[in-house]
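This report refers to the structure that appears directly beneath it.
Derivation of every value follows stated rules applied to the coordinates shown; laboratory data play no part. Keep in mind that this is a model prediction, so the values were computed, not measured. As a convention, Cβ positions derive from the backbone with ideal geometry for all residues, glycine included, and neighbour counts pool all protein chains shown.
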Amino acid sequence: MPARRGGPRAHLAPRPIDGTAPLDRRLLDAIERLGHGLRAQSQRTARTAGLTPLQQQALLAVARHPVQRRQVGALAAEFDVTVPTMSDAVAALERKGLMGRTVAADARRRTLALTEAGAATSAGLAAWDQPALDALGDLDDADKGAALDVLLSVIGDLVRSGEIAVARTCTTCQHFRSHKHDDRSAPHHCALLDLPLQRTDLRTDCPEHELAPTGRLQ
Ligand code: SF4
């Protein structure tokens, strides 16, 4: 994560109307605006497939997640909704013939799986956020690495304070060692891989992620 400056955190005062709000406020405004744009895009693509945005998220998640994460409870935690809400979304996908449930090897849990029609629908929806990816495409890698580092640092703080439930990011992982190296492009370290982490290589959904104990400083 980026180095922290000392002193009290910037006060997020109400926005002045002349556009000179503090940097933290304008950064948060930009992230909020991006979130609105992505939600609107998600609603448009989901609607074209006859789905709600949550059904689309569940379908895409089941298409890409390993089997142990393809369960209603895990999806509910990932998308920050209640288990009954996610159960309703999954039941709707089942009625539409896009998803089914199989009994896991230990016979205690039911695992979600896509039907053939579900796999085809998810493949069609996979590029739902392509406009945003295109907008990032021409930017400098070093700038994108710095932005990724900053955003993952904030996400790590919000996970530790309980504002975000699930994030399998480097900054919430017990193997993450912040600022172990002087290299500006690769300041962090993964103790599991025993390798420096380039800022551009920080992970947002790592298969080796293990949640750090709450409150541990990164
Ligand atoms: S195990 Fe994965 S999430 Fe954890 S620090 Fe290493 S690369 Fe990052």
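Here are a few things to note about the model shown:
- Panel note: the C-alpha atoms of the chain, placed on their principal axes, show extents of 54, 46, 33 Å (largest first).
- For the pair Asp29 and Val67, the difference between a 0.36 nm per residue extended length and the Cα-Cα distance amounts to 10.0 nm.
- Cβ-Cβ FRET estimate between Ile164 and Asp140, R0 fixed at 30 Å, reported to 0.05: 0.60
- Three-way shape call for segment 27-136 based on the alpha-carbon gyration tensor, with the a/c threshold at 1.5: prolate
- Cα gyration tensor shape of segment 139-201, rounded if a/c is under 1.5, else prolate or oblate by comparing a/b with b/c: oblate
- Computed lengthening from Arg95 to Arg47, 0.36 nm per intervening residue step minus Cα-Cα distance: 15.6 nm
- Ala126 paired with Thr204, simple spin-label distance in nm, labels 7 Å along Cα-to-beta-carbon: 1.6
- The loop-placed trypsin sites (Lys or Arg not before Pro) in segment 41-118, going by DSSP, that have at most 12 neighbouring Cβ atoms within 10 Å of their Cβ come out as Arg108.
- Interchain or long-range residues, amide H under 5 Å from Cys173's placed H: Ala212
- Spin-label model distance (nm) - Ala113 vs Asp183, 7 Å beyond Cα toward Cβ: 4.3
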